[in-house]
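Remarks on the structure that follows.
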Amino acid sequence: MEPSPFPFQGPLRADEVTGRDELRRDLAERITDRRLTALLGPRRYGKTSLLRRVTADLAEVGSDTVWVDLYEVSSMADVASSLDRGLAEVRGGLRSALDEVAAAASIRLGVLGLELSRGPRDRPDPVLRLRSLLQLLVRVAARRPVVLVLDEFSGIAGVPRAAGVLRTELQHHYRDLGIVFAGSQPSTMAALFTDQAQPFFAQADLVELGPMADEEVVAIVTGGFARTGRDAGPAVAPLVAAAEGHPQRAMQLADAVWRAVPEGEAATVEHWERALAEVRASVDNGSERLFALLPAGHQKVLRVVAGGGSVYGTAAATLSLSTGTARAAVTALAGNGYLAERDGHLVVVDPLLADWVRRRFAL
């Protein structure tokens with residue numbers, strides 16, 4: 001069966017990433033110039049995929065990448081294990097260099113998780129091991145170009161002392177390493193670099209990942225159809241409007257349309273309508289569960305914003321949404337990546353969640 005040109009489940013491979021050319025160039029330049037950069041954006045907005053493409057481009061000019069996934073870390077042992085896995089997954093010349101330095105320091109890469117499962121007397125101290133692994137990375141980076149990607153860095157906020165250890169071991173080597181922080185909780189990520197009480201205060205440039213431009217979505221959709229002997233036809237316009245620049249949702253909708261169109265044919269409005277119904281059916285239950293878990297004030301704010309109203313206006317009054325409740329809910333929802341401000345107006349980040357809210361509730 002022919003693979004879809006619109007993969008949407010999980011991060012993309014580097015060669016599958018298209019669009020955002022200007023941002024890709026900007027990130028590559030920042031990394032090359034050794035400027036610490038924090039990439040902020042909601043979940044499923046393509047941060048990991050974008051950084052995979054950027055680091056793949058840099059690999060062509062000699063830079064190797066160590067990728068550390070800090071998703072859901074809750075202890076110093078988790079942080080140390082994540083770094084250990086990231087170092088162990090490296091291949092090629094960088095892995096040889098890491099192994100050489102690790103052997104001299106009596107460190108075995110890739111086995112820290114096992115070592116930490118031992119009894120208290122035989123278990124290594126995770127803080128000391130984290131420091132040793134960072135020092136190992138720094139020593140290798142002094143000999144060859146290395147990029148360090150700290151993905152889902154917002155998870156570090158819940159681990160006492162972790163950010164401080166990272167800063168202590170890295171701060172004197174910022175010119176030796178290309179360091180990128182990426183995270184999906186915008187408010188937490190921003191606080192890690194703008195709050196004076198945080199170890200990384202004012203240590204990195206903040207780069208916000210916004211929605212894709214409509215013309216980029218059009219190019220991706222029409223290009224994917226054309227490469228596989230199909231024509232996107234009149235399905236393009238409603239698809240772009242429904243996706244609202246959300247990268248993952250655009251790919252999901254395009255995939256559904258593409259699967260409905262036989263090779264050699266063009267998509268029709270009917271194809272689009274069937275595809276939209278299929279995607280809605282696949283996400284509506286998840287949207288309903290997410291909505292049900294939110295406090296009543298948050299639910300009301302989502303209803304107002306999804307409907308295009310003001311959380312301090314008539315629509316809010318209709319739902320008995322007080323100003324104080326609205327203000328607190330907006331802060332919380334924006335901090336968790338559910339809401340964003342665009343052109344002076346609040347919007348629901350996930351267009352399919354907004355679509356479900358509009359269909360489920362009517363003001």
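The values are calculated or read from the model by the stated rules, or taken from the named source; none is laboratory data. Just so you know, these numbers come straight off a predicted model, no measurement behind them. So basically every Cβ, Gly included, is an ideal-geometry build from the backbone, and we count neighbours across all protein chains shown. Just so you know, the surface numbers come from the protein's heavy atoms only, side chains and all, with ligands and any DNA or RNA stripped out. Shrake-Rupley method; radii C 1.70, N 1.55, O 1.52, S 1.80 Å.
Annotation for region 251-323: GluC sites (Glu not before Pro) lying in DSSP loop with at most 16 further Cβ atoms inside 10 Å of their Cβ are Glu263, Glu265. Per-residue Karplus couplings for region 347-361, computed as 6.51 cos²θ - 1.76 cosθ + 1.60 with θ equal to phi - 60°, are listed in order as 9, 7, 4, 8, x, 6, 5, 4, 4, 5, 4, 5, 6, 7, 10 Hz, Gly and Pro entered as x. Looking at region 172-253, the trypsin sites (Lys or Arg not before Pro) that sit in a DSSP loop and have at most 11 other Cβ atoms within 10 Å of their own Cβ are Arg175.
A Gaussian network model of the chain, with springs between Cα atoms under 10 Å, assigns the largest mean-square fluctuation among Asp343, Asp64, Asp255 to Asp343.
Computed with a 1.4 Å probe over protein heavy atoms only, the accessible surface of region 1-102 comes to 48 Å² per residue. Please report the relative contact order for region 279-363, taking Cα pairs under 8 Å with a sequence separation of at least 6, and give it as a percent rounded to a whole number. Relative CO of region 279-363 lands at 34 percent. For the chain, modelled as a GNM whose springs connect Cα atoms under 10 angstrom apart, the maximal fluctuation among Ala232, Ala306, Ala281 occurs at Ala281. Remark: region 151-161, residue by residue, has Karplus-estimated 3J(HN,Hα) of 7, 6, 5, 4, x, 5, 4, x, 10, x, 6 Hz, where x stands for each Gly or Pro and the curve is 6.51 cos²θ - 1.76 cosθ + 1.60 at θ = phi - 60°. Here the accessible area is traced with a 1.4 Å probe on the protein chains. For region 95-225, carbon and sulfur cover 48 percent of it. Among Gly92, Gly46, Gly245, the largest mean-square fluctuation in a Gaussian network model of the chain, built with springs joining Cα atoms closer than 10 Å, belongs to Gly92. Using the Kirkwood radius over Cα pairs, work out the Stokes-Einstein diffusion coefficient for the chain at 37 °C and 0.692 mPa s, in µm²/s as a whole number. Roughly 146 µm²/s, to the nearest whole number.
Applying the Karplus relation 6.51 cos²θ - 1.76 cosθ + 1.60 with θ = phi - 60° to region 164-175 yields 3J(HN,Hα) values of x, 5, 4, 5, 4, 7, 9, 4, 8, 10, 4, 7 Hz, where x marks Gly and Pro.
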